[in-house]
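J.: This is the structure I have questions about; it appears just below.
Taken together, the values in this text are just the output of simple stated rules run on the coordinates, not laboratory data. Source: prediction; values computed, not measured. Neighbour counts are summed over all protein chains in view; Cβ atoms, including those assigned to glycine, are modelled from backbone coordinates with ideal geometry.
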Amino acid sequence: MSDDATGAPLEPLQILSCDLPDPGATFDFGVALGRVLVAGDTLALIGPLGAGKTHLARGLAAGLEVPSDAWLTSPTFTLMAQFPCREGTFYHLDLYRLGHESALWELGFFDVLHAGGVVAVEWWDNFLDTLLPSTLVVRLDLVNDRPEARTLELWTLPTDDWEARVARLRRLRLG
């Protein structure tokens, strides 16, 4: 966990929590979130296999105005995809198959984090020590008794210019 200027550890700040009843709601939330993202934003999409991280990323792409002919798929085998968007470039990465942090260097991961645009990283929780303090953590979880439903939580650390961003994100509305 990062420290603030006094050396005290920063405590994660929950921005919001909501239930998503079906994949359509997950996509719609991604669209709403994508609409408020700006160049330089990084997102860690975390949660168990099948929780809807890629589906959410498709919504982010739509909200970021990625051209509709660019079909965003899970980058598990390509590891990284990039698309033009209203904020320059939308980078979609998947770290699921990477076994060691050295693979992040080979992928150019750290260059992408500082390239501008918007970066969404699935399975970033596999490399927590590389998480940037300004990253928005988006956690999706399965709901045991409702197979189509998900719970979603947004978290960040209270650093940099996140006070204004937190206020903007808390105003997110679906539909």
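J.: Quick one: among L140, L157, L104, which has the greatest mean-square fluctuation in a GNM of the chain with alpha-carbon springs under 10 angstrom?
T.: L104
J.: Would you please give the residues with an amide H less than 5 Å from that of L20, counting only those at least 5 places away or on a separate chain, with H modeled from the backbone geometry?
T.: Counting only residues 5 or more places away or on other chains, the set is R150, T151, L152.
J.: Per the helix-only calculation at 222 nm, which mean residue ellipticity applies to the chain, given -39500 (n - 2.57) for every DSSP H run of n ≥ 4 and division by its residues, nearest 500 deg cm²/dmol?
T.: Here the helix-only value at 222 nm equals -7500 deg cm²/dmol.
J.: For segment 13-170, give the magnitude of the charge dipole about the Cα centre (Cβ charges: +1 Lys/Arg, -1 Asp/Glu; no others), in debye to the nearest 20. Walk me through the intermediate numbers first.
T.: Values: 11 positive and 21 negative charges, 54 e Å.
Charge dipole of segment 13-170: 260 debye, to the nearest 20.
J.: In segment 30-134, what trypsin sites (Lys or Arg not before Pro) fall in a loop by DSSP, with at most 13 other Cβ atoms inside 10 Å?
T.: R97
J.: Another question, then. Compute the length gained on full extension between T151 and F110: take 0.36 nm times their separation in residues and subtract their Cα-Cα distance, giving the result in nm to one decimal.
T.: That works out to 11.8 nm of additional length.
J.: Write down the Kirkwood hydrodynamic radius of segment 13-170, to one decimal in angstroms, obtained as one divided by the mean of 1/r over all alpha carbon pairs.
T.: Taking every pair of different Cα atoms in segment 13-170, averaging 1/r and inverting gives 15.6 Å.
J.: Same structure again: Give, in nm to one decimal, the length gained when the segment between L49 and E65 is fully stretched (0.36 nm per residue of separation minus the Cα-Cα distance).
T.: On the way: separation 16, 0.36 × 16 = 5.76 nm, distance 2.66 nm.
Gain in length upon complete extension: 3.1 nm.
J.: Got a sec? How would S134, S102 order by Cβ neighbour count within 10 Å, fewest to most?
T.: S102, S134
J.: Here is a further query. Which residue, A32, L56, P21, has the largest displacement toward the positive end of the dipole of segment 16-76 when charges sit on each Cβ (Lys, Arg +1; Asp, Glu -1)?
T.: The listed residue farthest towards the positive side: L56.
J.: With labels modelled as points extended 7 Å from the Cα through the Cβ direction, what inter-label distance (nm, one decimal) is found for V36 paired with T159?
T.: 2.1
J.: Over the alpha-carbon set of segment 101-156, work out the extent along each principal axis and list the three values in angstrom, largest first.
T.: For segment 101-156, the Cα spread along each principal axis is 41, 21, 18 Å.
J.: Whose amide H sits under 5 Å from the amide H of D41, counting only residues 5 or more places off or on another chain, with H placed in the peptide plane?
T.: Those lying under 5 Å, H to H, from D41 are V119.
J.: Given H placed on each backbone N at 1.01 Å, which residues far from C85 in sequence or on other chains put an amide H within less than 5 Å of it?
T.: Result for C85 returns F90.
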